[in-house]
1. Got at least one residue in region 100-110 being surrounded by fewer than 17 Cβ atoms within 10 Å (Cβ to Cβ) and of a type in the set (A, V, I, L, M)?
2. Tell me which residues, restricted to region 78-90, are open to solvent by 30 Å² or more (accessible area, probe 1.4 Å) and either of a type in the set (A, V, I, L, M, F, W, C) or in contact with a helix residue (DSSP H, G or I) (Cβ under 8 Å, 6 or more places away or on another chain) (or both).
3. Evaluate the following for ARG51: is it open to solvent by less than 30 Å² (accessible area, probe 1.4 Å) and farther than 20 Å from ARG123 by Cβ?
4. Among the residues of region 125-135, is any assigned to a helix (DSSP H, G or I), crowded, with 22+ Cβ neighbours inside 10 Å and within 20 Å of the chain's Cα centre (by Cα)?
5. Between residues in region 107-127 that are more than 26 Å from GLU162 (Cα to Cα) and touching a residue at least 12 places away in the same chain (Cβ under 8 Å) and residues that are polar (S, T, N, Q) and surrounded by fewer than 23 Cβ atoms within 10 Å (Cβ to Cβ), which pairs lie under 8 Å by C-beta distance while being six or more apart or on different chains?
6. Collect the residues in region 140-167 that are at pLDDT below 95, more than 20 Å from the chain's Cα centre (by Cα) and either open to solvent by less than 10 Å² (accessible area, probe 1.4 Å) or hydroxyl-bearing (Ser, Thr, Tyr) (or both), keeping them in residue-number order.
7. Among the numbered criteria (1) at positive phi; (2) open to solvent by 50 Å² or more (accessible area, probe 1.4 Å); (3) within 18 Å of the chain's Cα centre (by Cα), which one does GLY170 miss?
8. Only residues that are closer than 19 Å to ILE203 by Cα and without any contact (Cβ under 8 Å) to a residue 40 or more places away in the chain: list them for region 177-192, please.
Amino acid sequence: MKQNRPSLTAYKVAVLRAAHQIIDNPIVFEDPIASRIIGIRGNFEIRSQKRKYKTRLHSYLRAIVVARSRFVEDELAAAIKQGVRQYVILGAGLDTFAYRNPHTSSGLKVFEVDYPSTQKWKRRQLDKAKIPFPETLTFAPVDFENQSLADQLQKAGFRTYEPSFFSWLGVTMYLSPETMYATFKYISSSTPSGSAIVFDYVIPPSSQTLLRRIGFRLLARVVARAGEPWVNFLEASSLIENLKSIGFTQIEDLGPEEINARFFNNRADRLIVGNFGHLMKAQL
C-alpha cells in the first residue's frame with residue numbers, strides 16, 4: 001500500500017466480488033453493491049474478460065475473496081446475537097458492508113479504518129455510484145506510519161469498554177509480523193471479553209509440495225503486479241500459540257479443505273480456494 005495513493009489491490013478485490021455476482025452460480029457471497037462501487041471500468045473489465053475470470057488461477061483468487069467475506073459476515077451476525085454493537089473493518093478498501101448493513105435495527109455501528117488516500121478515493125467512488133453514507137458508518141482514516149490506531153478509533157467515537165467485532169481481510173500478508181501483532185495486542189488489551197477478530201493469512205510456500213509451490217508463485221505474481229507483493233507468511237500452530245499468549249482464548253482456524261467443504265461443496269464449476277489461504281477467528 002503506497003501512502004499517497006489508493007490501493008490497487010482494494011480495487012481488484014472489489015472487482016473479484018463483483019465478478020462473483022456475474023460469473024458464478026450458485027453465489028456464495030451476495031454483494032449487490034460491488035458492481036456499483038467499481039464503476040463502469042470495472043464492470044467492462046469483467047464482462048469483456050469472462051474467459052480470464054474463469055481460469056483456475058482467477059477462480060482461486062475469487063473463491064478466497066468471497067469465502068472470507070462470507071465467513072466474516074456470518075460470524076458478525078452470530079456476534080450481534082451475543083450483544084456486539086460495534087464492527088471495525090480494518091483495511092476496509094472498497095468493502096460494501098456498511099452500505100447494505102442488515103443489522104441497523106440492532107444498533108450496529110460500523111467503523112471503516114484505512115489510509116486517508118484510500119478513503120478519499122472510496123468516497124469519490126461512492127459519490128459517483130450515488131451510494132449514500134449511512135448514519136451508522138464512521139470513517140476512521142489512519143496514516144499507519146505516523147498515527148496510532150487506538151487514537152484514531154477513539155477520535156472516531158469507538159467505545160473500548162464495549163465488546164466489538166473486527167475484520168481484517170487481505171492485510172496480514174502485506175505487513176511485518178511486528179506490525180501485525182501490534183494490532184492484535186491493541187485489540188486484546190483495549191477491548192473486553194467477547195470481542196473477536198476474523199482475518200485471513202497465507203501459509204509459507206516452503207511448507208507445500210513442489211507443484212503447490214509453483215501454483216503459489218503464479219498467485220503471488222498476480223498480486224505483485226498491483227505493486228503490493230505478499231511479504232508475511234504464517235504457520236497456523238505458531239500463530240495460534242502467539243494469539244493465546246496475548247489473551248485470545250477461543251481460536252478457530254479454517255484451512256483450504258475446511259473452507260471448500262463449508263462454502264464450495266458439490267459445485268459443478270471449478271470455484272474452490274487454493275492451498276495457501278487460511279481464515280482465522282480469535283476471540284477474547
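The values are calculated or read from the model by the stated rules, or taken from the named source; none is laboratory data. Here the structure is a predicted model, which is why all the values come from computation and not from measurement. As a convention, Cβ positions derive from the backbone with ideal geometry for all residues, glycine included, and neighbour counts pool all protein chains shown. Side chains are part of the model used for accessible areas, which takes the heavy atoms of the whole protein and leaves out ligands, DNA and RNA. Shrake-Rupley method; radii C 1.70, N 1.55, O 1.52, S 1.80 Å.
1. no
2. Step one: list which residues in region 78-90 are open to solvent by 30 Å² or more (accessible area, probe 1.4 Å), which gives 78, 81-83, 85.
Those that are open to solvent by 30 Å² or more (accessible area, probe 1.4 Å) and either of a type in the set (A, V, I, L, M, F, W, C) or in contact with a helix residue (DSSP H, G or I) (Cβ under 8 Å, 6 or more places away or on another chain) (or both): ALA78, ARG85.
3. Values: open to solvent by less than 30 Å² (accessible area, probe 1.4 Å): no; farther than 20 Å from ARG123 by Cβ: yes.
For ARG51, the condition - open to solvent by less than 30 Å² (accessible area, probe 1.4 Å) and farther than 20 Å from ARG123 by Cβ - is not met.
4. Within region 125-135, the first condition is being assigned to a helix (DSSP H, G or I), and the residues that meet it are 125-128.
Those still in the list that are crowded, with 22+ Cβ neighbours inside 10 Å too: none.
Taking every residue of region 125-135 in turn, none turns out to be assigned to a helix (DSSP H, G or I), crowded, with 22+ Cβ neighbours inside 10 Å and within 20 Å of the chain's Cα centre (by Cα).
5. SER117/GLN3; SER117/ASN4
6. The one that is at pLDDT below 95, more than 20 Å from the chain's Cα centre (by Cα) and either open to solvent by less than 10 Å² (accessible area, probe 1.4 Å) or hydroxyl-bearing (Ser, Thr, Tyr) (or both): SER148.
7. Only one criterion is unmet by GLY170, namely (2).
8. If we filter region 177-192 for residues that are closer than 19 Å to ILE203 by Cα, which is where we start, we get 177-181, 184.
GLU178, THR179, listed by residue number.
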